[in-house]
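These notes concern the structure reproduced below.
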Amino acid sequence: MALEISASLPEAGAKKKVSLRRKILVEIAKMAVLLSILSPLTLHYAAPYLLFYPDTNTYNTKDAIDKLHTALQADFQDVYFPTTDGKKLHAWYFKLPGSTKTFLVSHGNAGNLEYRLLLATNLLKAGGSVFLYDYQGYGKSEGKPSIKGVCEDGIAAYDYLVNTRRLKGSDIILYGESLGCAVSTYIAEARPCAGLVLQSGFASLIGTARDKLPWFWLFPDFSLPTPRMDNVAYLAKKHPHVLLIHGMLDRTLPCRYSDEMFAKATSPKALVMLPDAGHDDVCVKNLNIYMGAIGNFLRALPPG
């Protein structure tokens with residue numbers, strides 16, 4: 001019996017080795033599947049569904065726009081303009097009599113331009129004209145949104161103002177809201193402008209993704225989709241006057257992102273924190289602070 005037991009021990013040991021090897025292979029296979037699912041190539045195709053939340057509905061804003069025209073005498077025009085790939089984008093153009101500067105507004109990742117009527121109203125009250133457009137796939141704009149696409153949509157909006165509306169780059173202020181901050185810095189990298197207002201933004205898209213989804217740390221920066229949407233990288237170089245605005249109660253994109261951008265930005269720069277505002281109510285809470293900041297920013301800009 002002892003001989004039989006001792007003879008069976010090597011077989012038992014071999015089974016354990018096979019079992020351990022199988023477990024290791026299974027874990028490697030699981031990791032391979034996970035990395036495949038989370039790979040940069042997969043992220044490239046998944047990004048539109050993870051990042052963009054367009055609203056294609058339209059709403060009755062006529063009465064509000066009519067009141068805005070009556071109160072401020074702002075000439076309103078419903079505009080369509082082309083992208084470089086032949087799509088048609090929708091925009092609102094509010095021309096304020098006597099204004100020398102125009103805010104080119106690149107909005108956030110949700111809703112559409114109709115959600116930003118209050119923002120346009122505040123910018124008009126501050127003394128600038130407003131050009132507010134929708135990215136591809138938002139509102140009445142054709143196409144589908146993508147990281148590269150929204151950035152190029154911003155370029156198309158800028159070129160429309162310069163080539164069709166005959167505005168000078170020195171009369172255009174790039175206003176970015178949330179995700180639109182990265183679109184605005186992308187435009188500023190490629191085109192001249194009078195200044196930038198970056199409201200409720202992030203330092204970089206990759207950094208924000210890693211904060212919210214830790215598995216992004218598995219991949220180096222170079223492997224992730226482009227453009228990088230890195231506001232800090234732009235602000236660290238020479239740039240026109242920039243104003244950073246952020247709600248201190250923002251839970252979507254914490255105000256520390258604007259702190260980081262301000263710390264790493266070169267001058268001229270200004271930072272304004274709104275103590276009672278979150279992410280979506282910047283145009284409502286602490287309105288006196290917000291309007292004062294926009295007014296001071298306009299006065300600080302050099303003539304066109």
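The values are calculated or read from the model by the stated rules, or taken from the named source; none is laboratory data. Since the structure is predicted, the reported quantities are computational estimates derived from the model, not experimental observations. Neighbour counts are summed over all protein chains in view; Cβ atoms, including those assigned to glycine, are modelled from backbone coordinates with ideal geometry. Heavy atoms of the whole protein, side chains included, go into the accessibility calculation; ligands, DNA and RNA do not. Shrake-Rupley method; radii C 1.70, N 1.55, O 1.52, S 1.80 Å.
Suppose the filter is without any contact (Cβ under 8 Å) to a residue 60 or more places away in the chain, open to solvent by less than 20 Å² (accessible area, probe 1.4 Å) and farther than 19 Å from Y290 by Cβ; does L113 pass it?
So L113 fits the description; yes.
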Notebook entry, point to check: Got at least one residue in region 185-193 being at pLDDT 95 or above, surrounded by fewer than 18 Cβ atoms within 10 Å (Cβ to Cβ) and out of contact with any strand residue (DSSP E or B) (no Cβ under 9 Å at 6 or more places or on another chain)?
Noted result: yes
Next item on the list: Return the total of residues in region 59-78 being without any contact (Cβ under 8 Å) to a residue 40 or more places away in the chain and either outside any strand (DSSP E or B) or within 19 Å of D134 (Cβ to Cβ) (or both).
Entry: 12
Next item on the list: Those residues that are farther than 13 Å from K88 by Cα and either of a type outside the set (S, T, N, Q) or in contact (Cβ under 8 Å) with a residue 60 or more places away in the chain (or both), I need them from region 155-166; list them, please.
Entry: I155, Y158, D159, L161, V162, T164, R165, R166
Note to self: Which condition from (1) in contact with a Phe, Trp or Tyr (Cβ under 8 Å, 6 or more places away or on another chain); (2) of a type outside the set (F, W, Y); (3) not in a loop (DSSP other than H, G, I, E, B) is the one that T56 breaks?
What the structure shows: (3)
Check: Just checking, how many residues over region 147-174 are in contact with a Gly (Cβ under 6 Å, 6 or more places away or on another chain) and buried (at least 23 other Cβ atoms within 10 Å of the Cβ)?
Finding: 1
Notebook entry, point to check: Considering T84, T102, which residue is open to solvent by 20 Å² or more (accessible area, probe 1.4 Å) and on the phi < 0 side of the Ramachandran plot?
Noted result: T84
Item checked: Test: residue in region 114-129 that is farther than 19 Å from V197 by Cα, at pLDDT 95 or above and in contact with a strand residue (DSSP E or B) (Cβ under 9 Å, 6 or more places away or on another chain) -> yes
Notebook entry, point to check: From the set of residues in region 122-146 that are part of a helix (DSSP H, G or I) and open to solvent by 20 Å² or more (accessible area, probe 1.4 Å), which is farthest from D171 (Cα to Cα)?
Noted result: K125
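Does E177 satisfy the condition of being of a type in the set (D, E) and either at pLDDT below 95 or surrounded by fewer than 22 Cβ atoms within 10 Å (Cβ to Cβ) (or both)?
no
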Checklist line | Hey, V197 within 15 Å of the chain's Cα centre (by Cα), β-branched (V, I, T), at pLDDT 95 or above and open to solvent by less than 30 Å² (accessible area, probe 1.4 Å) or not | finding: yes
